[in-house]
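The values are calculated or read from the model by the stated rules, or taken from the named source; none is laboratory data. All values reported here derive from a predicted model rather than from experimental measurement. Here the Cβ positions follow ideal geometry from the backbone for every residue, glycine too, while neighbour counts run over all protein chains shown.
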Amino acid sequence: MSDKNINFPESDFTVVGASFAGSLLASKLARHGKVLLIDKREPGSRLKCGGGVRTREFNRLGLDIPHVKAEKILMSEKGRIISFNSKYAVVDRMEFDAAVFQKALDAGAVFQKAEYLSHEAAKNIMSVRIGEETIEYKYRKLILAKGFHLDPGDRFYGASYVEIVEGSSRHGDALYFDLLQKNVGYCWLFPLPGGRVNIGIGSLSGEPFSREDFRSFKEEQGITGKVICKGGGMIPLVPAMTVMKDSVYLFGDSAGMVFSANGEGIRNIIKMSDIWADCIVKGKNLNIRWITNRTFIRLCASTMVVKAIASTGRFGSRFYNFLSRTAALARSLLK
Ligand SMILES: Cc1cc2nc3c(=O)[nH]c(=O)nc-3n(C[C@H](O)[C@H](O)[C@H](O)COP(=O)(O)OP(=O)(O)OC[C@H]3O[C@@H](n4cnc5c(N)ncnc54)[C@H](O)[C@@H]3O)c2cc1C
């Protein structure tokens with residue numbers, strides 16, 4: 001290749017998507033062979049989420065990055081609050097992605113900024129765009145961790161908006177959720193290190209959330225500081241049944257690894273990363289390992305419940321709120 005900015009070395013594993021899922025998997029695969037990691041964006045440059053990660057899974061990463069230790073969750077509906085204990089680390093998602101990306105580079109993965117266009121499984125060839133140029137590249141094993149992309153027929157998915165704002169949460173170190181009245185979903189307010197908060201809104205029923213709801217939540221919570229960055233996106237709510245075919249694997253949001261009851265994805269990605277790495281390296285049947293795994297079963301069960309709730313139209317949000325409050329109450333009583 002003539003352009004010295006293009007770095008497409010031969011690799012054993014080609015990972016598309018250098019966000020959380022792709023970088024984490026790349027860091028594990030790099031122990032077993034050469035990894036090429038590509039992304040159309042600079043890693044760590046996009047705000048995708050609330051940054052709440054269960055402490056148990058966060059600790060497994062062994063990352064030394066600033067975070068807030070949250071021990072309590074507050075669930076509010078029309079001012080009635082239920083509180084229960086649950087341990088989370090709250091991170092700035094962009095710092096988090098950048099740290100996991102660095103972990104992949106430290107393990108030996110090579111990064112190239114490029115856009116994946118398509119692949120031809122029969123020939124193990126993928127087509128990528130780098131700047132103005134489109135090239136074909138022969139992969140051995142291809143991992144698509146490029147997030148969630150809505151297909152024309154998709155009706156059941158989540159949509160979220162998030163901001164990082166200067167200021168503090170009036171709920172201290174607790175994770176605060178306010179259930180929506182018109183949609184299945186909630187607003188959230190999380191504390192972040194460095195005098196900032198993460199505030200957002202998410203609907204979990206394939207319907208758009210109301211911008212007005214977000215504005216009034218922000219006002220209600222007294223969050224008036226400078227907006228440092230904005231982001232958000234679509235959330236997959238249905239786990240993929242087939243996560244490997246030929247030498248192509250899906251991971252992260254591309255495999256629908258999100259718990260549809262609350263839109264949490266990072267925890268599942270961390271939990272599944274070792275199984276994915278093991279099956280990809282050793283050529284084991286990942287589809288069987290996935291659909292018999294507890295995480296998959298838990299995700300499917302939650303999908304069925306939330307989908308059924310969402311299909312009841314305007315009563316859906318009431319059902320969802322009732323179930324969320326009941327679950328929160330049970331957890332508060334169990335301590
Ligand atoms: C607003 C919001 C709040 C959330 N809050 C939480 C939370 O608090 N806790 C939690 O656990 N989960 C949360 N989630 C879910 C969580 O963000 C996702 O599960 C997680 O980001 C999935 O990571 P990923 O790497 O699979 O995908 P993504 O983060 O979407 O990354 C995909 C990457 O692929 C790249 N890419 C896409 N297409 C191409 C292409 N054609 N070529 C090259 N590169 C490409 C993109 O640039 C991107 O870097 C939230 C989601 C949203 C939207």
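Would you check if GLU57 is under 30 Å from THR134 (Cβ atoms) and in contact (Cβ under 8 Å) with a residue 60 or more places away in the chain?
Answer is no for this residue.
Would you be able to say whether some residue in region 106-118 is among the aliphatic types (A, V, I, L, M) and modelled with pLDDT under 95?
Scanning region 106-118, I find no residue that is among the aliphatic types (A, V, I, L, M) and modelled with pLDDT under 95, so the answer is no.
Quick check, is VAL184 among the β-branched types (Val, Ile, Thr), within 14 Å of the ligand (Cβ to nearest atom), under 30 Å from VAL227 (Cα atoms) and in the same structural domain as LYS69 (by TED's automatic domain parsing)?
No.
Please specify each residue of region 85-112 satisfying the condition of being surrounded by fewer than 17 Cβ atoms within 10 Å (Cβ to Cβ) and part of a strand (DSSP E or B).
Matches in region 85-112: ASN85, SER86, LYS87.
Looking at (1) surrounded by 14 or more Cβ atoms within 10 Å (Cβ to Cβ); (2) closer than 24 Å to SER83 by Cα, can you tell me which one LEU334 breaks?
(1) is the only condition that LEU334 fails.
Name the strands (runs of 3 or more DSSP E) wholly inside region 1-69 in which the number of residues that are at pLDDT 95 or above, near the ligand (Cβ under 8 Å from one of its atoms) and over 24 Å from ASN85 (Cα atoms) is 2 or more.
Qualifying strands (runs of 3 or more DSSP E): 35-39.
Exactly one condition in (1) under 21 Å from TYR88 (Cβ atoms); (2) modelled with pLDDT of 95 or more is not met by LEU250; state its number.
(1)
If the requirement is being surrounded by 19 or more Cβ atoms within 10 Å (Cβ to Cβ) and at pLDDT 95 or above, which of these qualifies: THR295, THR303?
On the way: THR295 fails: surrounded by 19 or more Cβ atoms within 10 Å (Cβ to Cβ).
Only one candidate passes the filter, namely THR303.
Could you tell me how many of the residues in region 65-108 are farther than 30 Å from HIS32 by Cβ and not hydroxyl-bearing (Ser, Thr, Tyr)?
20
Can you tell me which residues in region 120-157 are within 13 Å of the ligand (Cβ to nearest atom), within 27 Å of GLY265 (Cβ to Cβ) and of a type in the set (A, V, I, L, M, F, W, C)?
MET126, VAL128, LEU142, ILE143, LEU144, ALA145, PHE148, LEU150
Specify the residue that is surrounded by the fewest Cβ atoms within 10 Å (Cβ to Cβ); the eligible residues are those in region 158-179 that are closer than 16 Å to PHE214 by Cα and within 11 Å of the ligand (Cβ to nearest atom). Give the steps one after another, and end with the answer.
Going residue by residue through region 158-179, those that are closer than 16 Å to PHE214 by Cα are 158-165, 169, 176-179.
Narrowing further to those that are within 11 Å of the ligand (Cβ to nearest atom): 158-163, 177.
Values: GLY158: 24, ALA159: 21, SER160: 21, TYR161: 18, VAL162: 23, GLU163: 20, PHE177: 24.
Filtering region 158-179 for residues that are closer than 16 Å to PHE214 by Cα and within 11 Å of the ligand (Cβ to nearest atom), the one surrounded by the fewest Cβ atoms within 10 Å (Cβ to Cβ) comes out as TYR161.
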